[in-house]
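Notes follow the structure.
Computed from the coordinates by the stated procedures, all read-outs in this text should not be read as laboratory data. What you see is a predicted model, and the numbers here were worked out from it, not measured in a lab. Here the Cβ is made from the backbone with ideal geometry for all residues, glycine too, and neighbour counts use every protein chain on show.
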Amino acid sequence: MKGKGPSNNKPSISKWRETIENAVRQLRIDPLELRKTGIDHFFHELQAYLTALEAENEKLHRVIEQLEEEKIRFAATKEHMDLALEAQKYVTAATLRAEENERRRISEWLHDSVSQLLYAINVKVDRLHNENGKQEAIRSIQKLLTQAIRETRNISFELAPSILADFGLPTTLEDLASRLSSTETQIDSQIIGFDERLDLRLESSVFRIVQELVNNCMKHATANKVRISVKKSHSIEITVRDNGKGFNIADPVIFSKGTGLSSIRNRISLYDGTLHIDSKPGLGTTVRIFLSP
C-alpha cells in the first residue's frame, strides 16, 4: 500500500503562498521591506487590513439593509397610491353614472311630457286655420311651437340621446354633427373601426367628450368649420379640429372660462387616457385624446 508523498502538500502550500502574495500586493508591501521588518510586523499589518475590511463589509451590510427597508417602504407607498387611484376612479365613475341617470330622467321627461304637449297644441292650432282673419296669427303661433318642439328635442338629445343605446356610437356622433351643423358652422364627422358595439358606459364617455369639444368650438372658437374624427383600433383616438380663432395654451385664464375640460379630464382618467391640445392664436385648435378601454 503506497503512502501519500510530499507532493500532496503542494496545492495547499501553493494556495497559502498565493494568499500571502495577494495580501502583500493589497497592502502595498515591498518584499524587500518585508524581509527587513520581519514576519510579525507583516501579520500585524495583515490583521489591521482584515479588521478594516471587516468594518467596510459591516458598513456595506448596513447600507444594503437600509436599501431593503427603503424598497419595502416604497412598495407600501406605491400600493397605497394605487389603491387611492382606484378609489378616485370609482368615485369618478359613480359620479358620472349619477349624472347620466339624472340626464336620462330629465331627457325622458322632456320627450314624454313637454314635447308631446307642444305637439298636441300644434295639432289643435292647425285645426283653426279655417277660421277667417286668424290665419296669420295662427301661422305665427305654429312657427313658434315648431321651434319649441325642435329645441326641446335637441335639449333631450344633448341630455341623454336614446339613439346611443339603440343604434350605437357612430350613428349618434353622425346625428350630433348633423344636428349642430348650420349655415354658420359646418360640422363633418369621420367614424372608423367601430364594427362591434362597445360597453355603453364607454360609448357614453366618448360621446360626452366629443359633445363638449364641439360645443367649445361653437361657443368659444367662433369657428365655421369643425372636423370630428373618432378611430378605434387597440385604443380609441378622438380628434376634434376647428378653424376658429385659437388661443395661447400657456394662458391659464383660458382653461378657467367654462371650457368643460374638468369634465373631459374626469372621463379620460377612467380609461388611463391622454389629452393633447394644439392651438395658436388665429390658427384654430386641434384636440387629440387617446383612451385605453
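Mean separation of Cα pairs under 8 Å and 6+ residues apart, divided by the residue count of segment 166-293: what relative contact order is that in percent?
Value for segment 166-293: 23 percent.
How far apart, in nanometres, would the label points at ASN248 and THR183 be if each is projected 7 angstrom from Cα along the Cα-to-Cβ direction?
3.7
Once you place label points 7 Å from the Cα toward the Cβ at GLU70 and TYR119, how far apart are they in nm?
Between GLU70 and TYR119, the label points sit 7.0 nm apart.
For LEU83 and ASP126, what is the calculated FRET efficiency with R₀ set at 45 Å and r taken between the beta-carbons, to the nearest 0.05?
0.10
If I model a spin label at SER263 and GLN147 as a point 7 Å from the Cα along the Cα→Cβ vector, what separation in nanometres do I get?
Label at SER263, label at GLN147, 2.5 nm between them.
List the extent of the Cα atoms of segment 166-293 along each of their three principal axes, largest first, rounded to whole Å.
Dimensions of segment 166-293 along the principal axes of its Cα atoms: 39, 34, 21 Å.
Could you list the GluC sites (Glu not before Pro) in segment 179-212 that lie in coil according to DSSP, counting only those with at most 16 other Cβ atoms within 10 Å of their Cβ?
GLU184, GLU196
So how do ASP175, ASP188, ASP251 line up by other beta-carbon neighbours within 10 Å, fewest first?
ASP251, ASP188, ASP175
Under the classification rounded if a/c is under 1.5, otherwise prolate if a/b is larger than b/c and oblate if not, where does segment 219-293 fall, given a ≥ b ≥ c as square roots of the Cα gyration tensor eigenvalues?
oblate
On full extension of the chain, what length is gained from SER229 through THR171, given 0.36 nm per residue of separation minus the C-alpha to C-alpha distance?
19.5 nm
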